[in-house]
Each structure stands twice: as C-alpha cells, then as structure tokens.
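These notes concern the structure reproduced below.
The values are calculated or read from the model by the stated rules, or taken from the named source; none is laboratory data. Note that the structure is predicted; figures quoted are calculated from it, not measured. Here the Cβ is made from the backbone with ideal geometry for all residues, glycine too, and neighbour counts use every protein chain on show. All accessible areas refer to the heavy atoms of the entire protein, side chains included, with ligands and DNA or RNA removed. Shrake-Rupley method; radii C 1.70, N 1.55, O 1.52, S 1.80 Å.
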Amino acid sequence: YAVLPPAAGGLRVAGPADAPVETVAVLGGAGDDQLDAVRASGADVYVTADLRHHPALEAREEARGGAPYLVDAGHWSSEAVWLTTLRDALGAALRLDIDISTVRTDPWTFTVGAENLGGNA
C-alpha cells in the first residue's frame, strides 16, 4: 500500500488480508478484461484498477474463495508507479528529456462511509 501514491478511494480488496501470496499480477489502469488471463497465470493476487462489480464478483465466485484475490488500486495510482520507468526507457531510446506531469488525474476527492467488512485488514 505504501508503494502506491495515495488516492481518495484507497485500495479495494477482495480476499482475506492474511492470505499467503507468492505471485502478483499487475496491470496499470483498467484491467477487469484480463481476469481470465490472470486466473490462467496462477497469480495469487491481481492488482489493477476500475474493477467493475459483475466481473469482480464473477472472478471471486469462480475462485471459490481462493486465489486470485483482487486489489483495485484506482486508475491513477496504478498507472503512476510505472511512469518513471517508461520515461527513462523512452527518453533513452528517443534521446529526449521527458517530464512527468504531476497533475493528479484521479477524479475522486474523498470517500464517505467506507468500512472494513473483511475483519482483519
């Protein structure tokens, strides 16, 4: 959690907080269209953003309570972590100086009434 830029919506998690994790699949930005590939990969956790209700619910039902567990990190936060790597690679390949915008594009500003219903997070 501390690695990601803070977001008003925090992290939404589907799965037990104390689940053992060895393999994590990550897709910055909206990624619920990749749930089948994540399941096939054998990942324990999938970190992405913009998970819609029905695809997330179906993924959890298909997992029968097990992996992959889901972490919705928010669109802006899940993309912001790789911008430095992209800037460095593109800058080197194109021989350009590239600046990363500091404009936060997350439309959300606060959360009301969020509760931990999982018990031990």
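Okay, here's what the table says:
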{"item": "Answer from Ala92, Ala80, Ala67 - the residue that is open to solvent by less than 70 Å² (accessible area, probe 1.4 Å) and at pLDDT 95 or above", "result": "Ala67"}
{"item": "Some residue of segment 99-106 being in a helix (DSSP H, G or I) and loosely packed, with under 10 Cβ neighbours inside 10 Å", "result": "no"}
{"item": "Selection count, segment 1-14, where residues are open to solvent by 90 Å² or more (accessible area, probe 1.4 Å) and among the aliphatic types (A, V, I, L, M)", "result": "3"}
{"item": "Number of the condition not met by Glu62 [criteria: (1) modelled with pLDDT of 90 or more; (2) outside any helix (DSSP H, G or I); (3) acidic (Asp, Glu)]", "result": "(2)"}
{"item": "Test result for Thr111, among the polar types (S, T, N, Q), open to solvent by 90 Å² or more (accessible area, probe 1.4 Å) and either touching a helix residue (DSSP H, G or I) at 6+ places or on another chain (Cβ under 9 Å) or touching a residue at least 40 places away in the same chain (Cβ under 8 Å) (or both)", "result": "no"}
{"item": "Residues of segment 71-98 satisfying the condition of being in contact (Cβ under 8 Å) with a residue 40 or more places away in the chain and part of a loop (DSSP other than H, G, I, E, B)", "result": "Ala73, Gly74, Val81, Trp82"}
{"item": "Number of the exception - Asp18 against (1) touching a Phe, Trp or Tyr at 6+ places or on another chain (Cβ under 6 Å); (2) not in a helix (DSSP H, G or I)", "result": "(1)"}
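Conditions (1) farther than 22 Å from Thr105 by Cβ; (2) open to solvent by 20 Å² or more (accessible area, probe 1.4 Å), marked per residue:
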position: Pro16; (1), (2): yes, yes
position: Thr23; (1), (2): yes, yes
position: Gly28; (1), (2): no, yes
position: Asp32; (1), (2): no, yes
position: Ala40; (1), (2): yes, yes
position: Ala49; (1), (2): no, no
position: Thr85; (1), (2): no, yes
